[in-house]
1. What is the magnitude of the charge dipole of the range 41-199 about its Cα centre, with +1 placed on the Cβ of each Lys and Arg, -1 on the Cβ of each Asp and Glu, and no other charges, expressed in debye to the nearest 20?
2. Give me the dipole magnitude in Debye, nearest 20, for the range 187-286 about the Cα centre, with unit charges on the beta carbon: positive for Lys and Arg, negative for Asp and Glu.
3. Round to the nearest 0.05 the FRET efficiency obtained for I365 and V204 when R0 = 35 Å and r is the Cβ-Cβ distance.
4. Report, ordered by chain and residue number, the lysines lying within cross-link reach of K336, taken as a straight Cα distance under 22 Å and ignoring same-chain residues fewer than 8 apart.
5. Can you list the residues of the range 167-194 with backbone N under 15 Å from a point 7 Å past the Cα of E322, pointing along Cα to Cβ?
6. Among 210-216, 311-317, how do they line up from the highest to the lowest mean number of other beta-carbon atoms within 10 Å?
7. Is there a pair in K128/K250; K103/K128; K250/K311; K10/K47; K105/K266 whose C-alpha atoms are over 29 Å apart, and which pairs would that be?
8. If R₀ is 51 angstrom, what is the calculated FRET efficiency for the pair H335 and A139, using the beta carbon separation as r and rounding to 0.05?
Amino acid sequence: MDELPEMSAKELNRLEVMQRLSRKQMSQKEAGRILMLSVRQIKRVLKAYREQGGAGLISKHRGRKANNHLPEEVKRRALNLLQTKYQGFGPTLAHEKLVEKDKLKLSDESVRKLMIEEGLWKPRKAKKATVHQLRERRACLGELVQIDGSPHDWFEGRAERCTLLVFIDDATGTLLQLRFVECESFFSYAQTAEAYFRQWGKPVAFYSDKHGIFRVNVPSTSMSAALTQFGRAMQELDIQIICANTPQAKGRVERVIQTLQDRLPKEMRLRQLCSWEAGNAYLLEFLEDFNQRFSEEPRSDVNAHRPLTPKDNLARILSWQETRSLSKNLTLQFHKTVYQIQTNRPTYALRNAQVTVCVTPQEEISILYNGKSLPYSIYHPQAKQAEIVSSKQLNYVFQAKPLPHKPAPDHPWRQGFATPLSKRGNVTSSNGDISILENR
């Protein structure tokens, strides 16, 4: 009986087949079908079995280092960088940086194993898949653009928390526009959309959530046809707004935001970016690199973006607009302020006229009548009243103001200062702090 050394399941299976071949219980052709080997290879395995027994079936590479094993020098350098420069990076992003920036030759799986062994990465169990109805990507670039905002600590404490607005194409997964803003608002979306229109053109439709910027969320039949300021601007530009019923419906922008929350802060950390202005300047470089890695080819070569026309006055269209009626004295009230229209025409010509008040992001106000600007003067600013704030803006409005800066212990303010009394010796310093007068 053959001695059975320590063997794997595959080697035990070969041993059983070789034993049957030795007893003439099967042909070499049948053995080849079972072991998925050619007849020529079966002859070689059988010869090794007859000469060495079961030991001849054991792999000669057992106990040896693999030919493609990771060199100790590369492993040591990679671990040093993962623990210092790339601390907090995930395996995929860390592998990209180690290969591109530090010129190390190793696979992403090797980086993952190193990080798990050193406790730098905890493997996560795959979540139970939730079944959602699949929706095929649109065919053309610019046919459907998903938009959303993500409040997050993007600068990891080096700057104030802010919101990143994301515009992503549904057909290709291409990031079309990114912008750091204070919060989600009409003006922030308008400025981001203006930069997008000037670079790419006008898309067919925007796909968003049910934020009050995109949709009037008032259960009233009288306001069923009302539009938000952003909706009115997109209607003038002939761009449709579609609101998703669930977050999963606009999963493309939701997933890319998760990717951005992992990658973008780390990229900005490596570049020591500490302000929104520096972050917005870097986003152009980040967009190009991100799209090269993750964007896909559309099913159609047609670009659905439409160019801007001379009639598309973005400065006017993307301003906040409200309608007012002029009084008999040609005055109107807007945002707690009374405006007086200045005109040389007979006053009765403009009485009860409908005018449009436009406000730019820089808070510049213009009053339009039949598309033409009217001169005005501020007549009377009213007292401040209670403001109406949406639920999504409440945290931003109610956020606590930062406390006054406390001077350092060695600040000159704590060292006292020269006065006429101090020159006569009537002032002494106590513990290097505010001077104290002595009663004499």
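Bear in mind these aren't lab numbers, they're just calculated from the coordinates by the rules spelled out. In this text the structure is predicted, and so the values were computed from the model without any measurement. Ideal geometry is used to build each Cβ from the backbone, glycine not excepted, and the neighbour counts take in all protein chains shown.
1. Approximately 1680 debye in magnitude.
2. 220
3. It comes out at approximately 0.60.
4. K328, K384
5. 186-187
6. My ranking of the peptides, most packed first, is 210-216, 311-317.
7. In this structure, K103/K128; K250/K311 exceed 29 Å between Cα atoms.
8. My answer for the efficiency is 0.70.
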